[in-house]
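Data block below; observations after.
Bear in mind that the values in this text are calculations on the coordinates, not laboratory data. Quantities reported herein were computed from a predicted structural model and do not represent experimental measurements. Here the Cβ is made from the backbone with ideal geometry for all residues, glycine too, and neighbour counts use every protein chain on show.
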Amino acid sequence: EVQLVESGGGLVQPGGSLRLSCTAFGLSFNRYYMTWVRQAPGKGLESVAKIRPDGSAKYHVDSVKGRFSISRDNSKNSLYLQMNSLTAEDTAVYYCVREDYWRFDLWGRGTLVTVSS
Amino acid sequence: QSALTQPPSASGSPGQSATISCTGTSNDIGGYVYVSWYQQHPGKAPKLMIYEVNKRPSGVPDRFSGSKSGNTASLTVSGLQAEDEADYYCSSYAGGNNMVLFGGGTKLTVL
């Protein structure tokens, strides 16, 4: 079955760090752009970070630049999001998503990140 | 880059049609064909319903259709069914940093 499975979410204190992981099953992972999309509680969707199939280019939304870093390991069919200097505004469900020509056609179930003291 | 603008709510009766608008600028919706729509039920991940303005992925009913005029895209759901009640989000490529912009979402209620 083609699927994306996220892990690594949890409760973290303000200023803390967290690393999210996503493992891809049943797809040619190394062919696709991959993106992290987040959704704050009761709010809309926001693209956070994106990475080229070969990892040679990375893009981050302004609100996380310098704090978050996307990476991937194609040998492990895995995508990562390193999140540092977390604030309450980063509290959200983080989805791992396959992106193909600026459309998100495969979503994971999401992992919840809660930033609170 | 600002989010795309969607009405917070829309509604229609079973069997009728409902249309949701998504307004952007010439730098996003007006400038590219890469406009998509997503359906999200409570507690679930979003699902791609329309891509490249008016294309439907395999498995999406033809009751769902998309269009674009100038800087505004629209999603029309015909023959409304109870299961269509959900949040709907539009998105568009916006050039610049290669990221995708989303609308704020519209809650569709089937009366």
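Using Cα-Cα distances under 8 Å and only pairs 6 or more residues apart, what relative contact order does chain B have, in percent?
37 percent
Could you give log10 I(q)/I(0) at q = 0.10, 0.16, 0.22 Å⁻¹ for chain A, computed by the Debye formula over C-alpha point scatterers of equal weight, without solvent?
-0.26, -0.67, -1.26
Can you give the charge dipole size of segment B:15-81 about its Cα centre, rounded to the nearest 20 debye, using +1 on the beta carbon of Lys and Arg and -1 on the beta carbon of Asp and Glu?
Rounded to the nearest 20 debye, it is 180 debye.
Which value, in Å³ per residue, describes the convex hull spanned by the Cα atoms of chain B?
Dividing the Cα hull volume of chain B by its residues yields 93 Å³.
With unit charges on the beta carbons (Lys and Arg positive, Asp and Glu negative) and the dipole taken about the Cα centre of the protein assembly as shown, which residue among A:GLY26, B:GLY31, B:PRO46 sits farthest to the positive side?
My answer, from the dipole projection, is A:GLY26.
Rounded, prolate or oblate, given the Cα gyration tensor of segment A:20-68, with a/c below 1.5 counting as rounded?
Note, shape of segment A:20-68 comes out oblate.
Okay, which of segment B:1-38 sit inside 15 Å, backbone N to the point 7 Å along the Cα-Cβ direction of A:ASP62?
Residues passing the 15 Å test: B:1-4.
Ranking A:GLU99, B:GLU85, A:GLU6 by Cβ neighbours within 10 Å, fewest first, what do you get?
By the 10 Å Cβ count, ascending, the order reads B:GLU85, A:GLU99, A:GLU6.
Using modelled backbone amide H atoms (1.01 Å from N, in-plane), which distant-in-sequence or interchain residues come within less than 5 Å of B:THR109's amide H?
Hits under the 5 Å cutoff: B:ALA10, B:SER11, B:GLY12.
In what sequence do B:ARG56, A:ARG72 fall when counting other Cβ within 10 Å, fewest first?
Fewest to most other Cβ atoms nearby, the residues stand as B:ARG56, A:ARG72.
In whole Hz, with x marking every Gly and Pro, tabulate ³J(HN,Hα) for segment A:40-53 from phi via Karplus 6.51 cos²θ - 1.76 cosθ + 1.60, θ = phi - 60°.
5, x, x, 10, x, 8, 9, 6, 9, 7, 9, 9, 5, x
What's the exposure ranking of B:GLU52, B:GLU83, going from fewest to most Cβ atoms within 10 Å?
Ascending number of Cβ neighbours within 10 Å: B:GLU83, B:GLU52.
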